[in-house]
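Q: Encoded as structure tokens, here's the structure I'll be asking about.
The values are calculated or read from the model by the stated rules, or taken from the named source; none is laboratory data. Source: prediction; values computed, not measured. As a convention, Cβ positions derive from the backbone with ideal geometry for all residues, glycine included, and neighbour counts pool all protein chains shown. Each accessible area value is taken on the protein alone, full model and side chains, heavy atoms only, with ligands, DNA and RNA left out. Shrake-Rupley method; radii C 1.70, N 1.55, O 1.52, S 1.80 Å.
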Amino acid sequence: MSITESPVAPKSGMTVGRERKLSTHSDTLYRGLIIVALAFFVLVGVYYFYSIIDQSIPGWKAAGFGFFTGTTWNLNAGQFGALPLIVTTLSTTLLAMLFAAPIGIGAALALVYLVPRRLQLLASSLVELLAIVPSVIYGAWGFIVLRPIMLYHVEPWLQRTTHNTWPFTGVPSGEGILLGGVVLATMCVPIVTAISRDVFEVVPRDLIEGAISLGATRGQVLRRVVLPSCRTGVLAALTLALGRALGETIALTFVLGGVSTVPKSLFSAGATMASEIASALGNGGALGDSVLFCSALVLIVIVGLVNYLSRTIIRRSQRKFQ
Amino acid sequence: MTVAAAIDQMTPREIIRRTSQKSGQRRQLLSNLYFAVLTIALLVIFIPLYGVLSTIVVRGYHSLNWTFLTANPIPPTSATSPIGGVANAIDGTLEVTGIAVLLAVPLTILISVALFETRNRLARIVEQGIEIFVGMPAITFGLFIAAITVSVTHKFEAWYGSMALLFIVVPVATVNMIAAIRSVPQTLIEAGLGLGARPSRVMMRIILPTALPRILTGFFLSVSRALGETAPVLFVIGGVLVPSFNPRLPATTLPTQIYAYFGSQFESQVQACWGMALLLVIIVLFFNVLSRIFLARSKKANG
């Protein structure tokens with residue numbers, strides 16, 4: 001039983017409104033600590049954003065708007081066009097979500113509605129095992145194990161079956177955007193699955209029983225009742241995974257190859273905004289480092305925007321249901 | 001048992017399995033097709049799981065021996081020269097993560113309690129801030145800490161890495177801890193206040209002890225995440241070949257050592273990566289299992 005379930009209980013805190021006055025004078029240290037803790041967090045947060053912005057100012061001055069439009073990225077040569085990084089970041093993330101969203105949601109549905117009760121704990125523990133493997137290990141695995149498979153089997157096959165049409169053009173190299181997308185998808189799937197599973201588990205039984213009594217088949221219950229009622233929760237899961245994919249760093253430094261120009265196909269090598277920070281910080285002098293802070297700032301804004309949008313959508317649809 | 005009571009006993013899976021209509025061949029076919037697709041989705045997940053784990057174990061278990069755990073690394077000169085062990089990385093991981101946890105525990109408790117007790121503008125801002133920090137790319141925390149430490153002191157120190165890890169640990173642990181203390185039954189709290197206890201006393205004696213298993217779940221989860229992080233510590237802890245046992249000196253952690261060895265031209269060092277990967281997964285798994293044990297305990301306690 002939680003506080004929020006009780007109709008009369010306040011949403012949070014044990015002392016709300018006027019009741020607080022009763023005990024205020026005797027608990028000053030406690031209340032003082034509370035205010036200090038909140039203020040401390042705000043200060044650190046502001047300092048974090050401030051110092052990232054502050055460090056990136058020389059970079060913005062040198063790169064200007066060309067940061068978003070320039071197609072050549074070479075820190076040592078003073079060429080700060082980050083379009084290659086931006087395109088690679090967005091395309092690997094998009095690819096990862098294309099794989100991870102259907103598989104992750106489907107697996108979560110299967111975990112709740114398909115796997116026998118005895119196996120449920122085992123199956124969801126296994127999925128969570130995938131979530132705790134550190135990203136550096138995914139990178140190593142992607143490079144050593146997946147890259148040869150991509151190079152000798154998947155990429156030639158893709159070219160053959162599509163008759164060399166875009167985006168499957170270019171020389172297969174194993175590493176590149178496709179491999180990056182697959183590795184990212186592997187890291188995102190357990191996030192999507194774990195959160196969606198929690199959401200699917202608490203679908204009101206009345207809804208399911210109602211649909212069944214109206215004659216729905218098992219598939220129809222999931223597709224027409226369970227999925228629509230969990231839209232917001234699933235969206236939250238996808239958002240978290242999307243943020244993780246956009247910001248993933250170390251694994252991608254292993255599997256993406258390198259960067260200089262805008263990638264032309266799924267087989268092109270590249271670097272994302274985050275992975276380039278990890279591999280290039282300290283190599284391009286003070287100005288180069290500052291440009292990398294620009295990249296970090298853009299990344300923060302994109303991730304923040306994604307979170308904000310998804311939260312707005314969630315809040316709106318919650319209001320609609322109430 | 002009546003039918004209604006029997007249905008109440010069922011899990012969602014059993015409800016749709018046992019009670020849904022079997023009539024209508026086409027509809028039934030579509031339904032079965034849908035379930036087949038879901039099964040495939042679940043099975044597809046197990047491919048990378050098996051792939052990753054088998055790779056780590058098969059390639060890594062040769063390396064795991066006493067020398068590997070206790071010796072310092074030796075920079076190789078040829079393909080066959082010995083490379084020593086990873087004692088430096090084990091010490092570094094303990095130092096960096098240990099200090100991060102020591103600092104994170106009081107911070108998390110303070111912030112969670114503060115958020116539980118206040119419902120004003122400031123608290124709302126902080127709560128949203130924490131959610132934002134949960135989703136922020138870890139590399140940006142590394143950049144931030146590098147900007148305020150290494151850029152100023154021009155030295156690498158292990159505890160800088162701990163500072164960066166705080167940004168990983170505290171938000172995750174706080175989100176879990178707030179959920180934990182908000183799930184403490186309101187009746188218990190009211191009983192405490194009704195007996196005349198001050199809010200701080202109610203917090204210390206009733207809320208925190210009741211929520212303890214779930215709070216620990218959150219901590220162990222965030223620790224297991226922090227242990228595997230490379231990006232936040234990469235720029236600030238430098239690297240060493242011998243354990244320093246001193247947080248004011250540079251350090252190497254298991255993930256950063258893997259990162260460094262992986263690009264090595266010596267096959268023996270790349271091999272050692274898998275040994276370290278196996279070690280790292282075992283440590284992370286240990287903390288994850290701990291968190292699950294406490295989660296199971298809290299579920300049992302709450303009925």
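Q: Considering every residue within the range B:291-303, establish whether at least one is at pLDDT below 95, among the polar types (S, T, N, Q) and touching a helix residue (DSSP H, G or I) at 6+ places or on another chain (Cβ under 6 Å).
A: Within the range B:291-303 (the criterion being at pLDDT below 95, among the polar types (S, T, N, Q) and touching a helix residue (DSSP H, G or I) at 6+ places or on another chain (Cβ under 6 Å)), the answer is yes, since at least one residue qualifies.
Q: Can you tell me how many residues within the range B:154-183 are out of contact with any Lys or Arg (no Cβ under 9 Å at 6 or more places or on another chain), buried (at least 24 other Cβ atoms within 10 Å of the Cβ) and over 20 Å from residue A:240 (Cβ atoms)?
A: Going through the range B:154-183 one residue at a time, the tally reaches 4.
Q: A further question on this structure: Going through the range B:50-77 one residue at a time, which ones are away from every other protein chain (no Cβ under 14 Å), open to solvent by 50 Å² or more (accessible area, probe 1.4 Å) and not aromatic (Phe, Trp, Tyr)?
A: Within the range B:50-77, B:62, B:64, B:65, B:67, B:69, B:70, B:72, B:74, B:75, B:77 meet the criteria.
Q: For the range A:270-289, give me each residue that is facing chain B (nearest Cβ under 10 Å) and farther than 22 Å from residue B:260 by Cβ.
A: A:273, A:286
Q: Among the candidates B:175, B:113, B:184, which residue alone is farther than 26 Å from residue A:311 by Cα and not hydroxyl-bearing (Ser, Thr, Tyr)?
A: Testing whether each residue is farther than 26 Å from residue A:311 by Cα and not hydroxyl-bearing (Ser, Thr, Tyr) leaves just B:184.
Q: Which of the residues spanning the range B:222-237 are at the interface with chain A (Cβ under 7 Å from one of its Cβ atoms), open to solvent by less than 10 Å² (accessible area, probe 1.4 Å) and of a type outside the set (Gly, Ala, Ser)?
A: The answer is B:230, and nothing else.
Q: Right, another one. Looking at A:255, A:303, A:262, A:298, which is the one that is in contact with an Asp or Glu (Cβ under 6 Å, 6 or more places away or on another chain) and either of a type in the set (Val, Ile, Thr) or within 17 Å of residue A:70 (Cβ to Cβ) (or both)?
A: It is A:255.
Q: Could you list all residues from the range B:114-136 that are more than 7 Å from every other protein chain (Cβ to nearest Cβ) and open to solvent by 60 Å² or more (accessible area, probe 1.4 Å)?
A: Selection gives B:120, B:121, B:124, B:128, B:131.
Q: What residue, among those in the range B:24-40 that are among the small types (Gly, Ala, Ser) and in contact with a Ser or Thr (Cβ under 9 Å, 6 or more places away or on another chain), is modelled with the lowest pLDDT?
A: Filtering first and then ranking leaves B:24.
Q: Of the numbered conditions (1) at pLDDT 90 or above; (2) open to solvent by less than 50 Å² (accessible area, probe 1.4 Å), residue B:200 satisfies every one except a single condition; which is it?
A: Answer for residue B:200: the failing condition is (1).
Q: Anything in the range B:21-49 that is farther than 17 Å from residue A:109 by Cα and surrounded by 12 or more Cβ atoms within 10 Å (Cβ to Cβ)? List them, or say none.
A: Across the range B:21-49, the qualifying residues are B:21, B:24, B:27, B:28, B:29, B:48, B:49.
Q: Still on this structure: From the set of residues in the range A:204-214 that are farther than 14 Å from residue B:14 by Cβ and in contact with a helix residue (DSSP H, G or I) (Cβ under 9 Å, 6 or more places away or on another chain), which is surrounded by the most Cβ atoms within 10 Å (Cβ to Cβ)?
A: Selected residue: A:211.
Q: Only residues that are among the acidic types (Asp, Glu) and more than 15 Å from residue A:189 (Cβ to Cβ): list them for the range A:100-142, please.
A: Answer for the range A:100-142, where residues must be among the acidic types (Asp, Glu) and more than 15 Å from residue A:189 (Cβ to Cβ): there is none.
Q: Quick one: which helices (runs of 4 or more DSSP H) sit completely within the range A:79-168 and have at least 3 residues that are within 8 Å of chain B (Cβ to nearest Cβ)?
A: Qualifying helices (runs of 4 or more DSSP H): A:83-113, A:117-132, A:135-141.
Q: Cβ-Cβ under 8 Å, sequence separation 6+ or interchain: first residue in the range A:40-64 and touching a residue at least 60 places away in the same chain (Cβ under 8 Å), partner outside any helix (DSSP H, G or I) and not aromatic (Phe, Trp, Tyr). Which pairs?
A: Short answer, once both residue conditions are applied: A:62/A:78; A:63/A:70; A:63/A:81; A:63/A:82.
Q: Do you know which residues across the range B:137-153 are within 10 Å of chain A (Cβ to nearest Cβ), of a type outside the set (Gly, Ala, Ser) and surrounded by fewer than 20 Cβ atoms within 10 Å (Cβ to Cβ)?
A: B:148, B:150
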